[in-house]
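**Student:** A single structure is presented below for examination.
Taken together, the values in this text are just the output of simple stated rules run on the coordinates, not laboratory data. In this text the structure is predicted, and so the values were computed from the model without any measurement. In this analysis, Cβ positions are derived from the backbone assuming ideal geometry, glycine residues included, and neighbour counts consider all displayed protein chains.
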Amino acid sequence: MIQLFHVSKYYDRRLALADVTLEIEKGEFVLLMGASGAGKSTLLKLLIGAERPEEGQILVQGRSLSKLRPSEIPVLRRKIGVVLQDFRLLPKKTVFDNVSLPLLVQGASTVEIRRKVTDALRSVGLDHKKDLFPPGLSTGEQQRICIARAIVNGPIMLLADEPTGNLDPELTSEIIELFKSINARGTTIIVATHDPNVLAQVNRRVIILDQGKVVSREQVCP
Amino acid sequence: MYLLREAVANVLTNRTTTVVAVATTAFTFACVGVFLLLYVNLKTLASSLEQDIQVMVYLQDDLTEQTRSEIDLQLKADRAVGSVTFVSKEQALADFQNQFPAESHLLQGLGQNPLPASFVVTLAVESRSSDAMRRWAHRTQSIPGVAQVQYNQEWVEALAGIVRYIEVAAIIVGLILSAASVTIIANTIRLALYSRREEIEILGLIGASATFIRVPYLLEGAALGFLGSTLSLAILKAGFELFRHEIRSASRFLGVDALLTFFPFQMCVVLVCVGLFLGCAGSFLSLLRFGEGRA
């Protein structure tokens, strides 16, 4: 599903990723681990077309990202759900409106939006809070809203960059369980984290990055 | 519908900036409008004066009847001539005495009629510009038997000159102030973009196309341009009516107020459309500089 061949990325001559080659299968749950600056976020940015590699090739579902025209990048992103550490919710829009955004940009009908948003909110257990505004929610709830927004249009994969960075261990467990249930429905999940609590709870394949290089592709548990 | 709702939300979120932008845009458009109004009115005045201008073709005193008829025929055959009326020496004297009864004794003292016979010529509509009139007068002057060709040349040419200057000034001022309006609107949109940059980033992240992101801001720019130009027309109309009222109440400008005209409806529509277009252009510039959709 995702293939990287000898991918390198530089920021002002500083090496962010060095000759990375890896493959992620459809339906996999992969942890990208490493210290800050190891290249985890860069790798995720490359996968959503926010950055382009200086060297190498990235294939998503057999399609080379280097050959995508700028107008095709939004189409790619509609197939990928993104969860960020700082949630990136719009404070002046209700929970419902926040979650419906990916459907709105695709031009979905009102009926479809209502159905899918309700389903997504139900799957994260927050359908009863759809009329509230994000600042009125706890951090755990905000992250779950962010996850609902990422899965509302049924993406083929979900990328999460430090999704538990702002959460306590209890909330971290909740979020990881949520990811596992989403993964169980067939969505490929890649979680970038440096949190050992996540590793302990996930028990799946771990790719360890260090200074832009893949240093381990450990298969923890099938 | 969503995009329209977002555009309205943009305007409402930055209410003060929007009001200031509309007011400033209206003021700049109104400045351009003053020049345009001056131009339109002078142009109307010039064409109405051209309408009234008659050219006097004075004849030499010793002309035979045949030569006079030949000149008459030649003038009537000229495509630049609309109408020709002959005024004999006697008629000219009678007219003078009618118009200036107090001065008629001056001519009686001379013993003979000093006034020449003439043709009063009204030129065809297409030949009433100052250039065409000058060319025609020069040509007619060379006809044998014609003593002099006279018309109010200086007045016509001066007016044409003023209209030309106003036209050039209106274009220059229009261009400068239009650029100013575009800049004002561009800055307003830039503020809106800056205040909503996080939302724009999120939209980009979830797969919104560049068009989807841009449309609300283009609509906002168009709305600012539309409101600015409409308000400027309202200001101009109010100013125009005030000016006309003043002119009407000043007795020495009697009848001048009837010559004053405001922009016709079609021109008002064009001006509003220009405002709308400039608003869109301002937004577009800001969006280009902001560089959304590249991420």
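**Student:** Just tell me which lysines come within less than 22 Å, Cα to Cα, of residue B:237; anything on the same chain fewer than 8 places away is out.
**Tutor:** B:43
**Student:** Let me ask something else. Among the lysines, which fall within straight-line cross-link reach of residue B:76, defined as a Cα-Cα distance under 24 Å, with same-chain neighbours fewer than 8 residues apart omitted?
**Tutor:** B:89
**Student:** Given the options B:228, B:239, B:207, state which has the largest fluctuation in a GNM of chain B using a 10 Å cut-off (strictly under) for Cα springs.
**Tutor:** Judging by the Gaussian network model, the answer is B:207.
**Student:** First select every other residue whose beta carbon is under 14 angstrom from the beta carbon of residue A:129; then total the charges, Lys and Arg +1, Asp and Glu -1.
**Tutor:** Value of the local net charge: +1.
**Student:** If I fit a long axis through the Cα atoms of helix A:110-123 and take the longest principal axis of the Cα atoms of chain A, what angle between them do I get, 0 to 90°, rounded to 10?
**Tutor:** Roughly 70 degrees, rounded to the nearest 10.
**Student:** Ok, one more. Shape of the stretch B:34-161 from its Cα gyration tensor (a ≥ b ≥ c, root eigenvalues): rounded if a/c is under 1.5, otherwise prolate when a/b > b/c, or oblate?
**Tutor:** oblate
**Student:** Where is the GNM fluctuation largest for chain A (alpha-carbon springs, 10 angstrom cutoff): A:85, A:143, A:106?
**Tutor:** Fluctuation is largest for A:106.
**Student:** Sticking with this one: Kyte-Doolittle mean at least -0.5 and Cα extent at least 24 Å along the axis: which DSSP H helices of chain B qualify?
**Tutor:** The qualifying helices are B:15-52, B:153-195, B:210-249, B:265-290.
**Student:** For every helix of n ≥ 4 consecutive DSSP H residues, a contribution of -39,500 (n - 2.57) applies; sum these over chain A, divide by its total residues, and give [θ] at 222 nm rounded to the nearest 500 deg cm²/dmol.
**Tutor:** -10000 deg cm²/dmol
**Student:** If a/c stays under 1.5 just call it rounded; otherwise compare a/b with b/c (prolate if a/b is bigger, oblate if not). Do that for the stretch A:13-75, with a ≥ b ≥ c from the square roots of the Cα gyration tensor eigenvalues. The partial results should precede the final answer.
**Tutor:** Values: a/c = 1.79, a/b = 1.21, b/c = 1.48.
Judged from the Cα gyration tensor, the stretch A:13-75 comes out oblate (a/c at least 1.5, b/c at or above a/b).
**Student:** To the nearest whole number, what is the average tally of beta carbon atoms from other chains within 10 Å of the beta carbons of peptide A:72-80?
**Tutor:** Taking all residues of A:72-80 together, the mean is 4.
**Student:** Semi-axes of the equivalent ellipsoid for the stretch B:149-295, please: Cα gyration tensor eigenvalues, times 5, square-rooted, ordered largest first, whole Å.
**Tutor:** Semi-axes from the Cα gyration tensor: 46, 17, 11 Å.
**Student:** Just to confirm my numbers, what's the Cα centroid distance between the stretch A:163-217 and the stretch B:151-205 in Å?
**Tutor:** Cα centres, the stretch A:163-217 to the stretch B:151-205: 56 Å.
**Student:** Average the reciprocal distances over every distinct pair of alpha-carbons in the protein assembly as shown, invert the result, and give the Kirkwood radius in Å.
**Tutor:** Taking every pair of different Cα atoms in the protein assembly as shown, averaging 1/r and inverting gives 29.9 Å.
**Student:** Oh, and also: Mind pulling the angle between the C-alpha long axis of helix A:169-184 and the longest principal axis of chain A? Nearest 10 degrees, somewhere in 0 to 90.
**Tutor:** Helix A:169-184 sits roughly 80 degrees off the main axis of chain A.
**Student:** In addition: Applying the Karplus parametrisation 6.51 cos²θ - 1.76 cosθ + 1.60 with θ = phi - 60° to the phi angles of the stretch B:259-264, what ³J(HN,Hα) value in whole Hz is obtained for each residue in order, glycine and proline being reported as x?
**Tutor:** Per-residue couplings from phi come out as 7, 6, 10, 8, 4, x Hz.
**Student:** So who's got an amide H within less than 5 Å of the one on residue B:147, skipping anything under 5 residues away but keeping other chains? H placed 1.01 Å off N, in plane.
**Tutor:** Here the answer is B:58, B:59, B:60, since their amide H atoms fall under 5 Å of that of residue B:147.
**Student:** Arranged by the count of other C-beta atoms within 10 angstrom, fewest first, what order do A:145, B:200 take?
**Tutor:** Values: A:145 25, B:200 20.
Neighbour counts put them in this order, fewest first: B:200, A:145.
**Student:** Using the number of other C-beta atoms within 10 angstrom as an exposure proxy, rank B:283, B:232, B:178, B:142 with the fewest first.
**Tutor:** Least crowded to most crowded, the residues run B:142, B:178, B:232, B:283.
**Student:** Sticking with this one: Just the Cα atoms of chain B, one point each, no solvent: what log10 I(q)/I(0) does Debye give at q = 0.10 Å⁻¹?
**Tutor:** Once normalised to I(0) and log-transformed, intensities are -0.73.
**Student:** Karplus couplings for the stretch B:53-59 from phi (6.51 cos²θ - 1.76 cosθ + 1.60, θ = phi - 60°), rounded to Hz, Gly and Pro as x?
**Tutor:** Karplus values, whole Hz, x for Gly and Pro: 6, 10, 9, 9, 9, 7, 9.
**Student:** In addition: In the stretch A:89-154, if every C-alpha pair distance is counted and binned at 10 Å from zero, what percent goes to each bin?
**Tutor:** Once binned at 10 Å, the Cα pair distances of the stretch A:89-154 give 25, 60, 14, 0.
**Student:** What ranking do A:45, A:9, A:92 get, fewest neighbouring Cβ atoms within 10 angstrom at the top? Working shown, then result.
**Tutor:** Values: A:45 18, A:9 22, A:92 13.
Neighbour counts put them in this order, fewest first: A:92, A:45, A:9.
**Student:** Report, for the protein assembly as shown, the % of DSSP beta bridges that are antiparallel, rounded to 5.
**Tutor:** Once the DSSP bridges in the protein assembly as shown are tallied, antiparallel ones form about 65 percent.
**Student:** Additional query: What lysines sit close enough to residue A:130 to cross-link, taking a C-alpha to C-alpha distance under 17 Å and skipping anything fewer than 8 places away on the same chain?
**Tutor:** Straight-distance partners of residue A:130: A:92, A:93, A:116.
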